[in-house]
Structure formats: C-alpha cells, structure tokens
Amino acid sequence: MEQLFAAIILLAASKALSYSCEAMQHTKSICRVLAFGILGGFAPVAFAASQLTLTAVNKLPLARASQTIELSAAQLAMLDAKELNAIHVADSAGKKLLAQAVDTDGDAYRKADIVIFQADFAANETKTFTLTVGPKQTFHRDQFKAFGRFNRERFDDFVWENDRIAHRTYGKGLEACAGEPLTSSTIDIWSKRTARMVVNDWYLADHYHADTGEGADFYSAGRSRGCGGSGLWAADQLWTSKNFVNSRVLANGPIRVMFELDYEAFGVNGLRVSEVKRITLDAGSQLDHFQSFYKSDQLGHLSAGIGLKKVVSEQIEANPERGWLLKWEKVEKNAGNQGLAIIIDPKTFERQTEDKLNHLLLAKVPDNNILSYWAGFCWDKAGQLTDAAAWKRYVDEFAQGVKSPIEVIVK
C-alpha cells in the first residue's frame with residue numbers, strides 16, 4: 001500500500017514537472033524527467049513534443065514552384081508517431097498541406113522512412129511549417145498528382161505520370177510479342193495536357209495514339225535512348241540492357257511515384273553488368289530522377305552514356321558547367337513542339353558525344369557504382385512551357401535547384 005501511495009504521488013509530481021517544462025520550451029522539444037518506478041527502480045520517462053516547427057529556406061535568387069520537402073524519421077522522432085503516415089503538415093497560416101509517407105528501401109513491412117510535402121517559394125524566401133501527429137493520412141482520387149503501374153496486359157509495360165508528363169518503358173513480354181516485338185530499355189514519352197491521372201484510362205480505351213483532348217502517345221522511342229535512357233560507354237560505343245524483367249513500386253502518390261526496374265546482366269566490352277534502375281517523379285516536375293545501381297564481379301571505372309533520341313530539325317544545346325543537355329524539336333504527327341533534357345552532376349561530366357541514334361552525355365559513374373541523373377520533357381500544347389527559351393530557362397533553373405536544395409531545419 002505504501003509503495004502504491006508513493007507511486008501515485010510520484011506520478012502527479014512527474015506530470016506537474018512535465019507541464020512546467022513544456023511551458024518553458026513552448027512544447028517544441030522533449031522534456032525529460034527522472035522518476036522512481038512502482039518497484040523502486042530509477043528510469044527515465046520521455047514526453048513527446050506536441051508539435052515541431054520546420055523552417056525551410058530557398059537560398060537561390062529564383063522562384064521555385066512545387067518544391068518537395070523530405071523529412072526523415074530521425075527528424076520527426078520527437079513527435080513519437082507510431083507510423084509516419086500519421087504526420088500532418090500545416091503552413092504558417094494553419095492550412096493543412098498534403099503529406100505522403102514514403103518507404104524508400106522496400107523493406108518487408110513496407111515501413112515508411114520519410115515524409116514528403118510540397119511548397120512554392122519566392123526568390124530567397126524562408127517559410128515555416130508546423131508538424132503534428134494526427135489520424136492516419138487518407139487520400140481522395142482527385143488529390144493524386146503522381147501514379148505508376150506495371151501493365152502485364154500490354155506486354156509488360158511500366159507506365160508512370162504526374163500532373164505534367166507521362167512515360168512508359170518496356171518489359172520482357174514485348175521482346176516476344178508476335179505482332180510488334182521490341183527489345184529496348186528506352187524511355188518513352190506520353191504527352192499530356194491535363195493535370196489529372198490519365199494512363200489507366202488511356203490503356204482502358206486503347207486508343208492513346210490519338211489525341212482526343214488530353215494528349216496522346218506521339219513519340220516513337222524504338223531502340224534509341226528516347227528521353228533519358230542510359231547505358232554504359234566503353235570502347236567508343238554505348239552498351240545497353242534489354243527490357244526489364246521485374247518491377248517494384250515503392251511509392252505511388254499522391255505526391256511521388258517511385259519504382260525500381262531489374263535488368264538482366266548485359267555485355268559491356270567483355271564484362272557482364274546487371275542493373276537496377278530506380279525512377280522517381282514528383283508532382284509539378286517536368287523531370288524524373290533516375291538512379292542506376294550497377295553490379296559486376298569485375299567492375300572498375302565505369303562511364304555512363306545518357307541519351308536523347310536524334311530527330312530531324314532539332315535545336316540542341318549543352319552546358320557542361322551546369323551539367324545539362326537539352327533540345328527543342330517538332331512532335332511527330334504535327335502535334336506541336338517538345339523539349340527534352342538531361343541533367344547530371346557537373347563534377348561527373350566527361351564529354352558530349354553521339355552515336356547513330358542518340359545525342360549523349362557521358363558521365364563518370366561514382367565509386368559506389370550508382371549513377372544519378374535527371375531527365376524529362378515538356379510539350380508546348382500543355383501550356384506551361386511553350387517555346388525553346390522557356391524550356392532552356394526551366395532546365396537551367398532546375399539544375400541550379402539540384403545543386404542547392406531547399407534547406408530544412410526542424411526544432
């Protein structure tokens with residue numbers, strides 16, 4: 001009885017002390033107190049913060065729309081959320097923002113590792129946001145601005161999109177297609193002029209090569225690298241994989257689609273090299289983030305070749321200092337104009353070259369054998385970027401943003 005009475009007194013005192021600490025710290029940090037347990041033990045008791053403040057800084061003299069802010073589990077630990085899909089974000093006016101929990105490593109339990117949300121920034125702007133724990137996030141169809149899926153019924157396509165662009169690439173089933181076989185690890189373009197998610201509907205209607213008001217598949221990537229497909233450069237030629245053989249979706253909206261494609265080992269000047277390609281596309285972006293993970297028993301120095309398909313009457317320009325290669329060209333079927341681009345880390349730039357089918361940027365693969373780059377496109381009929389000058393400005397500013405991400409402080 002005496003132990004129980006002492007425990008009750010201790011619990012009351014601990015609560016009083018925690019409230020006092022929270023008041024002094026404005027509930028923004030963990031207040032830790034030490035207390036005796038019922039059995040006389042001596043152990044720490046931690047009280048989670050009720051909210052955190054995030055400060056985000058745009059250090060560039062450029063306006064930046066749809067910037068994705070990533071928060072790790074470690075940065076959010078003080079909120080003591082059981083799952084990251086219970087994290088909520090509000091802006092400085094108290095408006096709730098769309099937030100997505102993302103599993104970045106594809107573990108067996110699909111446990112989220114980060115939380116992402118988006119915001120627009122004026123030049124050199126600093127913004128603040130409030131992070132809290134609430135009910136599990138649920139989303140409505142009209143909130144989705146990114147989506148992707150494997151499509152077995154179309155000979156193993158993988159197709160993905162955001163509110164600006166759409167792509168597809170080809171699986172092993174297409175290699176054996178009796179009617180129109182194709183062996184290629186190219187990146188195809190689907191041009192869209194609507195913010196809504198369309199790829200499922202286009203496959204369903206099965207006439208996506210005709211524009212009925214939302215766009216279409218006008219592009220013929222074929223055996224080229226298309227819009228940012230890659231390979232390895234050796235003996236003065238590009239060595240490429242065949243079609244992907246397996247796929248995994250790691251994130252599927254509403255803000256980010258992220259997936260991986262497995263490629264069987266392919267020949268590179270006498271070596272056998274396998275590849276896992278991770279592709280990430282966020283809402284509001286004209287460019288995808290590509291990461292290729294290479295493996296071989298004999299890997300040494302590798303050079304990658306990242307390509308854009310050659311076409312007639314194209315305008316092409318490169319800026320090694322910024323790390324980009326871009327072009328402006330006519331869309332097939334007289335469907336307007338489009339811009340394509342590749343961005344790499346300028347530190348990895350080796351040279352610009354070409355082969356029969358592609359304009360290529362050659363980049364040194366880092367010692368960890370992970371190639372990272374950005375590639376994508378715009379369509380003038382979509383209305384956001386309507387001429388070559390606007391496309392060049394977008395790509396150049398995007399490259400600056402890659403080098404100077406939004407700075408984030410959580411406390």
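The values are calculated or read from the model by the stated rules, or taken from the named source; none is laboratory data. Source: prediction; values computed, not measured. Positions of Cβ are generated from backbone atoms using ideal geometry, with glycine treated the same way; all protein chains shown enter the neighbour counts.
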Looking at (1) out of contact with any Lys or Arg (no Cβ under 7 Å at 6 or more places or on another chain); (2) part of a strand (DSSP E or B), which is the only condition Lys242 fails?
-> (2)
Could you tell me which of the residues Asp262, Asp217, Asp236 is among the charged types (D, E, K, R) and within 29 Å of Ala335 (Cβ to Cβ)?
-> Asp217
The condition of being hydrophobic (A, V, I, L, M, F, W, C) and crowded, with 20+ Cβ neighbours inside 10 Å holds, among Leu357, Leu340, only for Leu340
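Residue-by-condition table, conditions (1) out of contact with any His (no Cβ under 8 Å at 6 or more places or on another chain); (2) assigned by TED's automatic domain parsing to the domain that holds Gly305; (3) hydroxyl-bearing (Ser, Thr, Tyr); (4) under 28 Å from Asn369 (Cα atoms):
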{"position": "Leu174", "(1), (2), (3), (4)": "yes, yes, no, no"}
{"position": "Thr186", "(1), (2), (3), (4)": "yes, yes, yes, yes"}
{"position": "Thr194", "(1), (2), (3), (4)": "yes, yes, yes, no"}
{"position": "Met197", "(1), (2), (3), (4)": "yes, yes, no, no"}
{"position": "Asp211", "(1), (2), (3), (4)": "yes, yes, no, no"}
{"position": "Gly222", "(1), (2), (3), (4)": "yes, yes, no, yes"}
{"position": "Arg225", "(1), (2), (3), (4)": "yes, yes, no, yes"}
{"position": "Lys242", "(1), (2), (3), (4)": "yes, yes, no, yes"}
Output the residues belonging to the stretch 156-182 that are aromatic (Phe, Trp, Tyr), within 23 Å of Glu329 (Cβ to Cβ) and outside any loop (DSSP other than H, G, I, E, B).
-> Trp160
Within the stretch 306-351, how many residues are of a type in the set (D, E, K, R) and closer than 28 Å to Arg193 by Cα?
-> 9
Out of the stretch 183-213, which residues are outside any strand (DSSP E or B) and crowded, with 16+ Cβ neighbours inside 10 Å?
-> Ser184, Ser185, Thr186, Arg193, Met197, Val198, Val199, Trp202, Tyr203, Tyr208, Asp211
Out of the residues in the stretch 363-388 that are under 18 Å from Pro320 (Cα atoms) and of a type in the set (A, V, I, L, M, F, W, C), which is surrounded by the fewest Cβ atoms within 10 Å (Cβ to Cβ)?
-> Val365
Could you pull out every one of the strands (runs of 3 or more DSSP E) wholly within the stretch 320-411 that has 3 or more residues that are not aliphatic (A, V, I, L, M)?
-> 324-330, 337-344, 349-354, 358-364, 370-379
Among (1) farther than 30 Å from Lys95 by Cβ; (2) in contact with a helix residue (DSSP H, G or I) (Cβ under 6 Å, 6 or more places away or on another chain); (3) not aromatic (Phe, Trp, Tyr), the one test that His167 misses = (2)
Can you find even one residue in the stretch 275-297 that is in the same structural domain as Pro346 (by TED's automatic domain parsing), farther than 22 Å from Leu357 by Cβ and over 23 Å from the mean Cα position of the chain (by Cα)?
-> yes
Taking interchain pairs and intrachain pairs at least six residues apart, which have beta carbon atoms under 7 angstrom, with the first residue in the stretch 286-299 and without any contact (Cβ under 8 Å) to a residue 40 or more places away in the chain and the second in a strand (DSSP E or B) and among the basic types (Lys, Arg)?
-> Ser296/Arg272
Among (1) at pLDDT 95 or above; (2) more than 18 Å from Ile306 (Cα to Cα) - the single one Leu271 does not satisfy = (1)
Please determine, by comparing only the residues of the stretch 221-257 that are among the polar types (S, T, N, Q) and over 19 Å from Leu360 (Cβ atoms), which one is surrounded by the fewest Cβ atoms within 10 Å (Cβ to Cβ).
-> Asn246
Unique match (being farther than 25 Å from Phe147 by Cβ and in contact with a Lys or Arg (Cβ under 6 Å, 6 or more places away or on another chain)) among Ala63, Ala90 | Ala90
State the number of residues belonging to the stretch 39-81 that are in a strand (DSSP E or B) and modelled with pLDDT of 95 or more.
-> 15
From the option list Gly222, Gly231, single residue qualifying as touching a Leu at 6+ places or on another chain (Cβ under 9 Å), part of a loop (DSSP other than H, G, I, E, B) and under 22 Å from Pro181 (Cβ atoms) is Gly222
For the stretch 330-343, state whether one or more residues are in the same structural domain as Asp396 (by TED's automatic domain parsing), acidic (Asp, Glu) and modelled with pLDDT under 95.
-> yes
When restricted to Gly173, Gly229, the only residue farther than 20 Å from Leu340 by Cα and not acidic (Asp, Glu) is Gly173
Does Thr194 qualify as being closer than 30 Å to Lys96 by Cα and either in contact (Cβ under 8 Å) with a residue 40 or more places away in the chain or not aliphatic (A, V, I, L, M) (or both)?
-> yes
Enumeration of residues in the stretch 123-155 that are more than 28 Å from Glu83 (Cβ to Cβ), of a type outside the set (Asp, Glu), assigned to a loop (DSSP other than H, G, I, E, B) and in the same structural domain as Pro61 (by TED's automatic domain parsing) = Ala123, Asn124
